[in-house]
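Just so you know, all these numbers are worked out from the coordinates, no wet-lab data involved. Fair warning: this is a prediction, and the values are worked out from it, not measured in the lab. Because the Cβ atoms are built from the backbone with ideal geometry, glycine has one as well, and the counts that use them run over all protein chains shown.
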Amino acid sequence: MGKVLIIGAGGVGRVVAHKCALNPDTFQHITLASRTLSKCEEIRNEIKDKWNREIDVARVDADNVNELIDLIHLVKPDLVINVALPYQDLTIMEACMETKVDYLDTANYEHPDTAKFEYKQQWALDEPFKERGIMGLLGSGFDPGVTNVFVAYAQKHYFDIIEYIDILDCNAGDHGYPFATNFNPEINIREVNSKGRYWENGKWIETEPMEIKMVWNYPEIGPKDSYLLYHEEEESLVKHIKGLKRIRFWMTFSESYLTHLRVLDNVGMTRIDPIEVDGCKVVPLHVLKALLPDPASLGARTKGKTNIGVVCEGIKDGKRRKIYIYNICDHQEAYKEVYSQCVSYTTGVPAMIGAKMMLERKWYQPGVWNMEQFDPDPFMEELNRQGLPWHVLEMEPNETREVE
Ligand code: NDP
C-alpha cells in the first residue's frame, strides 16, 4: 500500500523502522536515511536478521533542503517520517512541500540556538500544505502524540466538557549508570532546564525549572517524585479542547539525576552558546552529549517500566467525572522485540501508527494537523495491537493519586 522514507536512525528511528517492517501490508517499501549511513546499515541488518525483510538505506543531511529534495525524488515515498531532531522539522517540511509528499514528525520545531519550542512556524504551513494537497501530522510520538489521542478519546467517550488535564510521564527504568539520558541528551537537557509552564483560566503561568513538585502514585509502579514541566502538547490541547480550565504536565526525575544536572549546570556544562577552548569554538552541551552514554546503548541494560497517561476531569450528563488513561511499557520486553528501551519504543510505535493512519486514509486531510484533531478510535485500536496497550481507570471525582 505505501512507501515511506524514514529520516533519522537514532533510538526512535530504529523502532519506527522495525515496526514498519512488521506491518508489511501497510509499509510495502521502507527507506531509512540519516546523517550517518552506518547507523542505517546496522538497523537494516537487524531487520533482515530478525524479520527477514529488506529495507533500503541512504545518507542525507536533513539540514540541507536540496539534499532532501534529491533523496525524495529518488525514493518517491508516499510519506516522509521525520524522526531526526526537532531542528530539522522546517527543512524537511519545506522539502515535502517542494515535492508534494506527506509529512509526519514526533516533536515540534526548535531552533538550535534557543531552547524554545512552539508550533507557530509549523502551524503557519497549514495553508501552504493545503494548497499543495498534502498532509502534515505533527507530534505523533507518545507525549506529544498518544497523550493527545488519550485526551481526544476521553472527550469522545467520557465527557461533554473536559475542564482539567494532568499529563503524567513516569520512567521507572534503571540503566545502572549514575547519569544518562534516555533520549537525545541535548534535547532532553534543554527541555529539563527550561522554565516550567502550565495553563490556567486562559493564561500561561511560568515557573522556575523544577519549582513545582508532587508525589504521584503511578499504577503498577508506585509513588514517584514528579515535577511540573512545560510540554508541547499543552499548546495544541489548549487550542483544541473547548472548555478547558487547566492543563499541566508532570515528569518523574530521580534525586540522583537532578543532583547531577544541578552540578553540570553550575559548572556551565549544559550551556548551549559556543565558548572558546584552545582557539576552537565548542558548545558545552555538545561536549557533554559526546561524553554521556548513547541513549541507543541503554536498551540492553535498562530494567523496569514506564507509565505515561492523562487524568481528565470534567462533566458528563451534568455530573462530575474523572478518568485516568495510561499505558505501561516494560523496558526489557521492548528490547526483546526491537532492541530499544521504552522511551524510544513508546515514541517509535505511535510514529508508525500515525503513518499507518495516513497511508490507510483513516486519518487524511490536506493541511497541518495535531493528533487530537482526528478520530481517536482507530489509533487506540492500533495501540492495543502494536504493543502499547492502554487502560482506563474511572476515579471518583474527588479522588487523587497524589501522595501527601
Ligand atoms: P537520537 O539522537 O537518538 O537520533 C536522532 C537521529 O537523527 C540520529 O540518527 C542523527 O544522526 C539523526 N540526525 C540528526 N541531525 C541530522 C541531520 N541534520 N540530517 C540527518 N539526520 C540527522 O534521537 P531520538 O531517536 O531519541 O529522537 C528522535 C526524535 O524523536 C527527536 O526529534 C526527539 O525530540 C523525538 N522524541 C519524541 C518523543 C515523543 O514522545 N513525542 C519522545 C522522545 C523523542 P547521527 O547519528 O549522525 O547524529
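Here is how the numbers come out for the structure above:
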item	result
Strands (runs of 3 or more DSSP E) within segment 26-145 that include 3 or more residues buried (at least 22 other Cβ atoms within 10 Å of the Cβ)	27-34, 79-82, 102-105, 135-138
Residue that is farthest from Ala290 (Cα to Cα), among those in segment 237-261 that are exposed (fewer than 12 other Cβ atoms within 10 Å of the Cβ) and either touching a helix residue (DSSP H, G or I) at 6+ places or on another chain (Cβ under 7 Å) or of a type outside the set (S, T, N, Q) (or both)	Lys242
Top-ranked residue in segment 379-401 [being in a loop (DSSP other than H, G, I, E, B) and without any contact (Cβ under 8 Å) to a residue 24 or more places away in the chain; ranked as surrounded by the fewest Cβ atoms within 10 Å (Cβ to Cβ)]	Asn398
Within segment 183-201, tally of residues that are over 19 Å from Gly173 (Cα atoms) and not in a helix (DSSP H, G or I)	8
Subset of segment 159-185 (residues that are aromatic (Phe, Trp, Tyr) and either crowded, with 19+ Cβ neighbours inside 10 Å or within 22 Å of Ile328 (Cβ to Cβ) (or both))	Phe159, Phe183
Segment 39-53, subset within 13 Å of Gly13 (Cβ to Cβ) and out of contact with any His (no Cβ under 7 Å at 6 or more places or on another chain), residue nearest to the ligand (Cβ to nearest atom)	Lys39
Filtered residue count, segment 323-354, keeping only those that are within 14 Å of the ligand (Cβ to nearest atom) and under 16 Å from the mean Cα position of the chain (by Cα)	17
Members of segment 153-174 that are within 16 Å of the ligand (Cβ to nearest atom) and over 16 Å from the mean Cα position of the chain (by Cα)	Gly173
Restricting segment 1-25 to residues that are among the hydrophobic types (A, V, I, L, M, F, W, C) and in a strand (DSSP E or B), the residue that is farthest from the ligand (Cβ to nearest atom)	Val4
Residues being more than 17 Å from Val151 (Cα to Cα), without any contact (Cβ under 8 Å) to a residue 60 or more places away in the chain and in contact with a strand residue (DSSP E or B) (Cβ under 8 Å, 6 or more places away or on another chain) - total across segment 231-264	2
Residue within segment 252-271 that is of a type in the set (Phe, Trp, Tyr) and within 16 Å of the ligand (Cβ to nearest atom) present	yes
Where a residue in segment 53-75 is under 17 Å from Glu42 (Cβ atoms) and its partner, wherever it lies, is of a type in the set (Gly, Ala, Ser) and in a strand (DSSP E or B), with Cβ under 8 Å and at least six apart	Val57/Ala33; Ala58/Ala33; Arg59/Ala33; Arg59/Ser34; Val60/Ala33; Val60/Ser34
Hits in segment 333-350 (condition: crowded, with 24+ Cβ neighbours inside 10 Å and part of a helix (DSSP H, G or I))	Ala334, Val338, Cys342, Val343, Ser344, Tyr345, Thr346, Thr347, Gly348, Val349, Pro350
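Each row is one residue, and each column tells you yes or no for (1) among the basic types (Lys, Arg); (2) in contact with a Lys or Arg (Cβ under 8 Å, 6 or more places away or on another chain).
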{"residue": "Ser297", "(1), (2)": "no, no"}
{"residue": "Thr302", "(1), (2)": "no, no"}
{"residue": "Ile315", "(1), (2)": "no, yes"}
{"residue": "Arg320", "(1), (2)": "yes, no"}
{"residue": "Asn327", "(1), (2)": "no, no"}
{"residue": "Tyr345", "(1), (2)": "no, no"}
{"residue": "Ala355", "(1), (2)": "no, no"}
